Structures are given as structure tokens and as C-alpha cells.
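Peer 1: My structure is below; once you've seen it, I'll send some questions.
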Amino acid sequence: MSELIGIVSSGKAGNTFSIKQCIKYAGGECIDVTDAKTLDSVDKIVLPGVGAFHDAMEQLESLGLVAPLQQQIKQKPTLGICLGMQIMARVGFEHGKTAGLGIFDAEVKPMICEGKVPHMGFNKLKIVGDQKILKGVENETFYFMHSFELVNYTDIMSLSIHQEHQFVSSIAQNDVFGVQFHPEKSRDAGVQVFKNFINY
């Protein structure tokens with residue numbers, strides 16, 4: 001029997017349906033998670049997210065999922081996608097200062113560069129080290145759509161460059177992974193990332 005992946009509701013996560021479809025296409029089995037009991041029943045966790053840091057944390061709080069997530073993420077392989085990666089930081093500064101889940105010692109700040117923000121479109125990854133969920137996609141491009149970036153100096157899995165500004169495009173700590181890009185919008189390369197996570 002394959003492992004069950006829980007897709008956590010963090011509010012207006014418009015990418016949730018696409019993520020579920022992409023995981024199924026990659027060979028995974030997934031269910032929606034909207035309460036602590038369901039979270040406890042899954043083998044792996046995916047944190048999707050489109051929108052604002054504050055709104056996502058407020059939604060998790062209203063569902064009673066903040067403390068359970070902080071506990072379960074330490075025990076189960078977890079993948080955060082875009083805002084889902086960002087809310088695993090210690091704090092975010094979108095619409096004021098908001099505490100995150102605190103999984104990574106990181107801050108989420110506005111992306112400041114010479115080029116246009118938000119950063120939208122396909123971009124490359126500069127992979128740092130040997131990271132399992134990025135196996136086979138070293139030379140691929142991924143779809144990004146974000147105005148904020150996660151600032152961390154110790155858990156970097158890959159870096160990317162937007163208009164000469166280098167930012168963290170993925171992060172890893174033990175069995176917890178975060179990607180700033182959207183694998184569900186990144187064609188075959190994104191499917192491979194989900195396959196790597198499913199088989200992790």
C-alpha cells in the first residue's frame with residue numbers, strides 16, 4: 001500500500017487542485033487535511049499556498065492546525081510549495097510581522113531587486129549539494145510567481161537569480177523540504193519533483 005500524502009488547507013490556496021492532480025499523475029495518493037485528526041493519519045505532508053503569509057497562518061490557526069503541524073512536520077516528510085515553504089519560516093513581514101511555523105530559522109521579506117517584481121515565469125535552479133527531491137531536474141526550469149523571498153543561510157537546497165538578484169529557491173532540513181517554485185505548473189520537471197517526494 002502506498003503512503004498517504006496529506007494536502008493541508010492554508011486558505012485561498014488556488015494551487016491545491018493542481019497539486020493534487022499532479023501528485024496523482026506522479027503516482028501518489030493524497031487527501032485534503034483540514035483538521036488535526038486527518039493530519040495525524042497521513043504519512044507525508046504537503047503545504048501548498050497562494051496568497052499572503054498572514055492570511056495563511058490565520059487560516060491554519062482557525063483550523064487548529066498550527067501546533068499539530070509544528071509537531072507532525074518534525075516526524076513526517078514534508079514539502080512546502082511557494083507560500084507553503086514561506087510559512088515554515090520563523091517569521092514573515094507581509095502585511096505586518098507574523099509568526100510562522102518556525103520549522104526553519106528563516107525570515108520572509110519582500111524581494112528587492114532592479115527588475116520587475118513579482119518574479120513570474122520559468123527560471124533555473126542552481127542546486128547546492130546532493131538533494132534527493134531534486135534528482136533528475138538539475139538542468140530543468142521551473143515556474144515561479146512571488147513577490148516575497150525566504151531568507152536563510154544554513155538550509156539552502158538551491159538558489160536562483162532574478163534580475164541579478166540571487167534568492168533561495170528551495171530549502172531542506174532533514175526530511176522537510178520547501179520550494180519557492182510551483183512544481184504543479186512546471187510540466188515534466190515538476191512531476192519529477194513530486195515523484196522524488198513520493199519515493200523519498
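The values are calculated or read from the model by the stated rules, or taken from the named source; none is laboratory data. Just so it is clear, the structure is predicted and the values come from calculations on it, not from any experiment. Cβ atoms come from the backbone with ideal geometry, glycine included; neighbour counts cover every protein chain shown.
Peer 1: If S10 satisfies all but one of (1) among the small types (G, A, S); (2) at positive phi; (3) crowded, with 23+ Cβ neighbours inside 10 Å, what's the number of the condition it fails?
Peer 2: The failed condition is (2).
Peer 1: Test N139 against the criterion of being at pLDDT below 95, surrounded by fewer than 23 Cβ atoms within 10 Å (Cβ to Cβ) and within 14 Å of M85 (Cβ to Cβ), and give yes or no.
Peer 2: No.
Peer 1: Here is a further query. Among the residues of segment 70-125, which ones are surrounded by fewer than 24 Cβ atoms within 10 Å (Cβ to Cβ), on the phi > 0 side of the Ramachandran plot and touching a residue at least 40 places away in the same chain (Cβ under 8 Å)?
Peer 2: Correct list: H95, G96.
Peer 1: Which of the residues belonging to segment 124-171 are assigned to a strand (DSSP E or B), of a type in the set (A, V, I, L, M, F, W, C) and farther than 16 Å from S186 by Cβ? Write out each step before concluding.
Peer 2: Initial filter on segment 124-171 (assigned to a strand (DSSP E or B)): 124, 126-127, 141-146, 148-151, 156-162, 165-171.
Keeping just the survivors that are of a type in the set (A, V, I, L, M, F, W, C) gives 127, 142, 144-145, 148, 150-151, 156-157, 159, 161, 167-168, 171.
Residues satisfying the conditions are F148, L150, V151, I156, L159, I161, F167, V168, I171.
Peer 1: Does G80 fit the bill of being assigned to a strand (DSSP E or B) and touching a helix residue (DSSP H, G or I) at 6+ places or on another chain (Cβ under 8 Å)? Before you say what the answer is, go through the steps one by one.
Peer 2: Details: assigned to a strand (DSSP E or B): yes; touching a helix residue (DSSP H, G or I) at 6+ places or on another chain (Cβ under 8 Å): yes.
So G80 passes the test.
Peer 1: Further, regarding this structure: Could you please find all residues in segment 17-65 being part of a strand (DSSP E or B), of a type outside the set (D, E, K, R) and over 24 Å from L150 (Cα atoms)?
Peer 2: C30, I31, V33
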